[in-house]
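The values are calculated or read from the model by the stated rules, or taken from the named source; none is laboratory data. A quick note: this is a predicted structure, and the numbers were derived from the prediction, not measured. Using ideal geometry, Cβ is built from the backbone for each residue, glycine included, and neighbour counts are taken over all protein chains shown. Side chains included, ligands, DNA and RNA excluded: accessible areas come from the protein's heavy atoms. Shrake-Rupley method; radii C 1.70, N 1.55, O 1.52, S 1.80 Å.
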2 protein chains.
Amino acid sequence: MSSERLQPDLKLAASLFDSLREATRRGSGIVRDSYGDGEQAAHDIMSTAAQGLDLEVSVDAIGNLMMTLAGRDRRAPFIVIGSHLDSVPQGGNYDGAAGVVAGLCALSAFRQARIRFDCDITVMGIRAEESAWFDIAYLGSGGAFGLLDPACLSIPRSDNGRTLEATLVERGFDPRVIRERKRLLDPARIKSYLELHIEQGPTLVAEQLPAAVVTGIRGCIRFRNARCIGRYAHSGAVNREHRHDAVAATVALLHHLETVWLKEQQAGADLVITSGELYTNPSLHGPSKIAGETHFVIDVRSVSIATMQAVAAEARRAAARIGDEYRVAFDLGATSDSPPAVMDERLRAGLRAQLARPFEMASGAGHDAAVFAKMGVPTGMIFVRNEHGSHNADEAMTLEDFGIATGALLGLLVNFPLT
Amino acid sequence: MSSERLQPDLKLAASLFDSLREATRRGSGIVRDSYGDGEQAAHDIMSTAAQGLDLEVSVDAIGNLMMTLAGRDRRAPFIVIGSHLDSVPQGGNYDGAAGVVAGLCALSAFRQARIRFDCDITVMGIRAEESAWFDIAYLGSGGAFGLLDPACLSIPRSDNGRTLEATLVERGFDPRVIRERKRLLDPARIKSYLELHIEQGPTLVAEQLPAAVVTGIRGCIRFRNARCIGRYAHSGAVNREHRHDAVAATVALLHHLETVWLKEQQAGADLVITSGELYTNPSLHGPSKIAGETHFVIDVRSVSIATMQAVAAEARRAAARIGDEYRVAFDLGATSDSPPAVMDERLRAGLRAQLARPFEMASGAGHDAAVFAKMGVPTGMIFVRNEHGSHNADEAMTLEDFGIATGALLGLLVNFPLT
């Protein structure tokens with residue numbers, strides 16, 4: 001089977017993106033509220049399009065939309081092309097939806113070329129991936145695998161305060177699935193999971209590349225409540241060797257972690273280290289005082305657990321050493337950890353082979369792909385170049401770049417050895 | 001004239017410190033409010049003691065207390081031994097008052113030993129040195145030299161809101177002195193100014209020394225409102241080379257300034273550099289965000305203007321360089337500057353010669369001595385060891401250390417070539 005001339009249906013893509021924008025624009029941004037009217041409008045648009053392509057369409061008990069191109073063997077493990085259809089408040093048109101549109105554009109091309117696969121291919125419009133509306137991520141994919149803590153049913157929606165349970169019932173879905181941790185999807189029956197998503201950072205714009213194969217979704221080890229306790233004193237009256245300067249010690253620690261980062265990066269490790277919150281105590285600090293206290297965050301992310309653990313251990317060692325040196329006490333506190341999700345090597349190689357200029361990168365943000373990978377489903381992801389980051393009204397993906405990335409998905413499916 | 005056996009009157013010192021404590025203790029701390037009842041009580045105690053020593057006692061138009069041991073030539077330039085008698089709210093018993101007590105103990109010893117000097121020696125109980133009550137320092141000494149901006153008369157007292165002008169009038173003093181910038185003291189008529197003060201930092205405790213000769217009072221060049229503007233982004237989704245991380249850049253700048261400090265210190269320069277306020281924007285920062293903004297202070301102090309200026313210039317150069325490197329914009333803003341006050345070389349040498357273990361250090365905090373030095377009066381200062389810093393109820397100076405430092409002042413006066 002050759003994919004040389006098979007192209008995704010970009011006419012369909014353009015029309016779907018237009019419909020989505022028209023139906024869910026509120027002011028300058030996009031609002032597709034999880035389990036709300038905006039998300040439902042997106043599901044309706046996709047469902048209608050799938051019916052137009054003569055796909056089998058169904059909705060699971062918690063609202064995930066399944067749009068299936070039947071294969072020769074209906075009982076064989078099937079392929080899922082998925083992404084979410086919700087957005088953050090005042091988000092952009094592409095974060096999430098592009099992955100579902102990509103799936104439909106691929107299936108449309110297969111329909112038109114009358115290509116039939118050995119197994120089913122299901123495009124999955126996943127519910128509620130964002131945590132902006134209910135303070136929990138992956139409701140749709142996590143719920144489908146029975147992974148959710150039933151306590152999540154009482155989480156209130158951030159804007160109207162209605163619980164997840166009430167919201168599900170209003171929408172006609174069944175909260176018992178979550179309460180009883182039912183599995184709607186059997187991971188053993190999924191041959192592979194594929195997801196296209198806009199890149200949420202600036203790498204592809206900077207690299208002048210249309211698409212990237214994702215190596216993995218970074219995990220995180222985060223010192224959420226780190227502190228340094230020194231001693232307040234007059235900034236003029238105490239010399240260096242007698243200070244207990246919390247700012248100086250914190251600067252030394254964060255500077256040290258930057259050198260650790262550079263070393264790891266030079267050794268080829270995937271790693272980002274961020275201190276996005278850092279502050280002296282506003283009720284006690286002063287312009288002519290040595291600071292007696294700092295609060296800060298150290299957020300360590302990598303696709304490698306070993307790398308994150310090594311950095312976290314070094315942070316603890318350095319805090320002890322620098323604390324002694326600066327006569328202060330660091331209390332880095334407990335970490336909150338989330339494991340990385342590694343993408344399937346074979347799928348990565350298959351996707352790379354579809355790109356004229358193969359390029360790989362880690363995903364810093366989370367995706368439904370992480371849930372499928374966690375369930376042991378071989379998972380592959382492709383990023384599309386996107387200007388201005390995501391989660392804002394200025395997301396900017398060109399249809400051309402989208403076509404290249406969707407073409408890679410399509411080519412992978414056509415050439416995938418096991419289909 | 002020999003000072004071998006001449007000792008300051010420490011019995012008087014003990015009695016004065018007790019009286020001060022008794023009269024001005026409020027709860028656990030001392031309250032000698034500037035131009036308030038607490039300060040007045042201290043002035044009354046000193047005035048009574050001076051009359052007991054048969055000194056000439058007068059009060060100038062803004063309330064400074066002058067207690068004079070007449071010399072042979074009443075018209076010759078005279079020596080002032082001064083310090084302030086006010087305290088911060090809930091301060092300690094020694095900050096300020098020790099210098100006045102030292103002067104009286106020296107004059108008492110001279111009286112008892114029937115030593116007569118060529119010129120007058122005046123112990124000056126100076127008003128309102130602290131800026132805690134009225135938001136301006138050196139009211140008494142600055143006012144005596146006609147240095148105050150008349151606008152200061154409308155500054156409200158921090159606790160009761162009454163203006164300085166109303167407060168002066170209530171106390172029976174004359175605000176016209178300040179309004180008309182009258183000189184109550186002619187600097188050309190002051191031969192030298194001497195001040196004893198408790199050390200406000202931990203140096204003498206650490207060095208296990210009872211006293212130190214002050215080399216100078218550090219000036220300050222302060223970047224009060226420095227900022228770094230980067231760009232907020234997802235902490236996982238943006239790699240190092242594409243970040244605009246305001247915290248990372250600020251850490252790099254402050255770390256660089258610490259290396260500058262170390263280098264200057266190794267080269268023998270007097271210098272302290274402090275960032276006592278440092279904070280990301282609490283309404284925009286977040287644990288999984290790269291910070292797009294920091295606010296911070298850089299406070300540079302030295303007895304050398306050249307050293308401070310060199311550090312400030314290097315801070316600006318480094319901010320530009322590091323800003324480029326980290327793709328952020330530093331705006332260090334304007335500096336607020338106060339010049340250092342250099343102590344008289346001859347007086348320093350004279351005081352050193354009086355100490356069994358001569359030791360010199362800079363003063364980080366300001367003192368009335370800075371005002372006299374600024375007016376061109378040859379000025380000398382001596383610090384007394386003091387635990388727990390100053391401006392708090394736990395100030396701890398021993399009478400023994402006080403005796404050593406006061407003995408040095410007394411010895412200097414006896415041996416001072418020009419008296």
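Remarks
- Binning the alpha carbon pair distances of the protein assembly as shown at 10 angstrom intervals from zero yields the distribution 2, 12, 18, 16, 12, 10, 9, 8, 7, 4, 1, 0, 0, expressed in whole percent.
- FRET E, pair A:D73, A:E345, Förster distance 30 Å, beta-carbon r, rounded to 0.05: 0.70
- Accessible surface of A:Y138, taken over heavy atoms with a 1.4 Å probe and every protein chain present, rounds to 60 Å².
- Shape of region B:22-179, Cα gyration tensor, a/c cut at 1.5: oblate
- Label geometry 7 Å along the beta-carbon vector: B:D174 inter-copy distances in nm: 9.7
- Calculated SAXS-style log₁₀ I(q)/I(0) at q = 0.08, 0.10 Å⁻¹ - chain B, Debye, Cα scatterers: -0.50, -0.73
- Region A:66-106: relative contact order in percent, alpha carbon pairs under 8 Å with at least 6 residues between: 36 percent
- From largest to smallest, the equivalent ellipsoid semi-axes obtained for region A:314-388 from the alpha-carbon gyration tensor read 39, 16, 12 Å.
- B:R111 label point (Cα plus 7 Å toward Cβ) to equivalent points in the other copies: 11.1 nm, shortest first.
- Region A:373-419 and region A:75-127: distance between their alpha carbon centers, rounded to Å: 10 Å
- Axis of helix B:246-266 versus longest Cα principal axis of chain B: the two differ by about 40°, to the nearest ten degrees.
- Here B:A151 yields copy-to-copy label distances, from shortest upward, of 5.8 nm, the label point defined as 7 Å from Cα along Cα to C-beta.
- Ratio Rg/Rh [Cα only; Rh per Kirkwood] for region B:1-87: 1.02
- Bridges between two residues of the protein assembly as shown, per DSSP, are antiparallel at a rate of about 70%.
- Theoretical ellipticity at 222 nm over chain B - DSSP helices of four or more residues, -39500 (n - 2.57) apiece, nearest 500: -11000 deg cm²/dmol
- For A:A249, the shell of other residues with beta-carbons less than 13 Å away shows a net charge of 0, using +1 for Lys and Arg and -1 for Asp and Glu.
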